[in-house]
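> After the C-alpha cells below, expect a handful of questions from me.
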Amino acid sequence: MKSITRFLVVNISVWALLAALGVGVFLTSLFRSAAEDSFDEQLDIVLKVLVGDLATQLFSSEELSKPGNLGQPRFELPLSGWYWTVSKVKGDELLFASLSLGGENFSIETESAKQYTGGIGRYLLGLGPDHKKIRILERQISFGPDQSYYFRVTGNAEELNAQVIQFQNRAWLLMALFGAILLIVSLLLVRSALKPLGVLQKRVRDVANGNSQTIEGDYPVEVAGLVEEANVLIASNQETLERARTQLGNLAHALKTPLSVITNEVRSSDSDNAALLVQQVAVMRDQIQLYLDRARFAARHNTIGTVTDVSPILQKMASVMGKIHPGIDVALLGDEVNQISFRGEAQDLEEMIGNLVDNACKWAKTKVVISLYPKHFGQRGETAIRAKSVTRNWLTIIVEDDGLGLSDEEIGIALKRGRRLDESKPGSGLGLSIVSELSSLYQGEFTLTRSELGGLQATLVLPAYKE
C-alpha cells in the first residue's frame with residue numbers, strides 16, 4: 001500500500017460499483033415482479049368479468065351470446081395483443097373470441113412457472129396471430145355435464161417487456177449517477193481526512209530544512225502519538241549531538257597538552273631512541289585526530305534540519321586563499337551561486353572547500369578556478385547517487401588548477417590518509433582524505449581527474465536544499 005489515497009479510492013470505487021450493481025439488479029428484479037403481478041391482475045379481472053357474463057347466460061338456459069368488450073377497448077383493436085376466447089374443453093372448439101383477433105387464433109407455446117392463484121388455472125406464454133409474444137391466463141370451468149369451457153385472456157407481453165426495459169435503462173442510469181456521486185463524495189472525504197497528513201509532511205520538511213525545531217500543530221488522534229514521538233526523537237537527537245560535541249572537545253583538549261609535553265621532552269632528550277619516539281608520538285597524534293574527526297563528522301551528519309548557504313563560504317574561501325597564496329589568482333564562477341544551499345553543516349562545507357582550494361593553490365602555477373553548479377556533474381551518475389539517499393537535489397563544486405596535475409596512480413595515493421606526494425610542500429597529508437570521508441558521510445561523491453587548465457580537477461557533489 002504505497003498510497004493511502006489510492007488504496008481508499010480504489011476500494012471505494014470497487015465497493016461503490018458493486019453496490020450500484022447490486023441495487024440495480026435488485027430494483028429491476030423487483031420492478032419486473034411488480035409489473036408482472038400488475039399485468040396478471042389485469043388479466044385476472046378481465047377473466048372474472050368474462051366468466052361472470054357467460055355464467056349468467058348458462059344458468060338461465062338462454063342461448064349464449066357473445067360478450068362485449070368487457071370494459072377494455074383494447075380487446076376490440078385488431079392485433080393489439082389483448083385477446084380473449086371461450087372454447088369447449090372437448091375438442092377445444094372455439095365458441096367466442098374478441099374482435100381484436102380478427103377471426104384468427106393465437107398459439108400456446110410454453111407454460112409459465114407461475115400458477116394462477118385466483119382459482120383453478122394457469123399462466124401460459126404464446127404467440128398472437130401477428131407472431132408477437134403474449135401472456136395467457138387460462139381457466140377451465142365446468143357448468144354441468146358436457147358444459148366444460150376454457151376461458152383464456154391474453155395480454156401483450158412485449159408491452160410488459162418494453163416497460164421493464166425502460167425502467168431498467170432509467171435504473172442503470174440512476175445507479176451510474178449514484179455511483180459517480182458516491183465516488184466523488186468519497187474522494188472529497190478521503191482528501192479532507194488525509195489533509196492533516198499533508199500538513200504534517202510540510203511541518204516535518206520544515207524541521208528537516210532547519211526552519212523549525214519541532215513538529216508543530218494539532219493533528220488527529222491517529223497521528224498525534226506519532227508526532228509526539230517524533231518530537232521526542234528530534235529533541236533527543238539534538239541533546240545527543242551537543243553532548244557528543246562537548247565530549248569530543250574535552251577529549252581533544254585533554255590529549256593535546258600531554259602529547260605536546262611528551263614531544264618536547266623527547267626532542268630535548270639525548271637518547272638514541274628519541275627520533276623513534278618522536279615518530280611514534282606523531283603517529284599517536286594522527287590516529288587520535290583521525291578518530292576524533294570521524295566521530296565529529298558522524299555527529300554533524302546526524303544533525304536534523306541544517307541548511308547552509310554555499311555562496312558566502314565560497315566567496316570567503318576564495319578571498320582567504322587569495323591572501324594566503326598572493327601569487328595565485330583564485331576565481332569564482334557560477335551564475336546561480338546565490339540560489340544554492342547545502343543540506344549540512346557550515347563547518348563541514350568550509351573544511352571541504354578549504355582543503356580543496358588550499359591544495360589547488362599549493363600546486364597551481366598562476367590560477368585556481370572554483371565553479372558551482374545547481375545539479376549533479378559527478379562521474380558515477382545521478383542515478384547511483386540517488387540510490388544511496390532519498391535526497392533528490394544536488395550541487396556540484398569543481399576546483400581546478402593549472403599545475404602539473406597527477407597520474408591515476410598518484411590520485412589513488414593522494415586520497416589515502418596521511419600520504420603526501422611532495423614533502424617540500426607544507427601540510428599533513430590529511431586534507432583530501434578528510435574531504436573524501438566528509439562527502440561519503442553526506443552520501444555525496446568526491447573525485448579527482450585531469451583539468452582542462454592542465455592541472456588537477458577536484459569534483460565535489462553534495463546534497464542541496466531547494467524550497
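The values are calculated or read from the model by the stated rules, or taken from the named source; none is laboratory data. If you're wondering where the values come from, they're calculated on a predicted model, not measured in any experiment. As a convention, Cβ positions derive from the backbone with ideal geometry for all residues, glycine included, and neighbour counts pool all protein chains shown.
> I need the full set of residues from the stretch 354-375 which are surrounded by 19 or more Cβ atoms within 10 Å (Cβ to Cβ) and either touching a Cys at 6+ places or on another chain (Cβ under 7 Å) or among the polar types (S, T, N, Q) (or both), in order please.
Within the stretch 354-375, Asn355, Asn359, Val368 qualify.
> A follow-up question, please. State which residue is farthest from Glu93 (Cα to Cα) when the search covers only the stretch 132-148 and only residues that are in contact with a helix residue (DSSP H, G or I) (Cβ under 9 Å, 6 or more places away or on another chain) and assigned to a loop (DSSP other than H, G, I, E, B).
Lys132
> Let me ask another. Could you run through the stretch 131-177 and say how many residues are small (Gly, Ala, Ser) and either over 19 Å from Glu41 (Cβ atoms) or over 60 Å from the mean Cα position of the chain (by Cα) (or both)?
Qualifying residue count for the region: 5.
> Those residues that are part of a helix (DSSP H, G or I) and either closer than 13 Å to Val307 by Cβ or β-branched (Val, Ile, Thr) (or both), I need them from the stretch 192-210; list them, please.
Correct list: Val199, Val204, Arg205, Asp206, Val207, Ala208.
> Name the helices (runs of 4 or more DSSP H) wholly within the stretch 352-442 that hold at least 2 residues that are modelled with pLDDT under 85 and among the small types (Gly, Ala, Ser)?
408-414, 431-441
> Another question about this same structure. Output yes when any residue across the stretch 211-219 is in a helix (DSSP H, G or I) and surrounded by 13 or more Cβ atoms within 10 Å (Cβ to Cβ), and no when none is.
No, because not a single residue in the stretch 211-219 is in a helix (DSSP H, G or I) and surrounded by 13 or more Cβ atoms within 10 Å (Cβ to Cβ).
> Looking at Phe167, Phe178, Phe151, can you tell me which residue is among the hydrophobic types (A, V, I, L, M, F, W, C), surrounded by 12 or more Cβ atoms within 10 Å (Cβ to Cβ), in contact with a helix residue (DSSP H, G or I) (Cβ under 8 Å, 6 or more places away or on another chain) and outside any helix (DSSP H, G or I)?
Of Phe167, Phe178, Phe151, the one residue that is among the hydrophobic types (A, V, I, L, M, F, W, C), surrounded by 12 or more Cβ atoms within 10 Å (Cβ to Cβ), in contact with a helix residue (DSSP H, G or I) (Cβ under 8 Å, 6 or more places away or on another chain) and outside any helix (DSSP H, G or I) is Phe151.
> Please indicate, with yes or no, whether at least one residue in the stretch 326-343 is assigned to a helix (DSSP H, G or I), of a type in the set (A, V, I, L, M, F, W, C) and modelled with pLDDT of 80 or more.
Looking for residues that are assigned to a helix (DSSP H, G or I), of a type in the set (A, V, I, L, M, F, W, C) and modelled with pLDDT of 80 or more, one finds none in the stretch 326-343, hence no.
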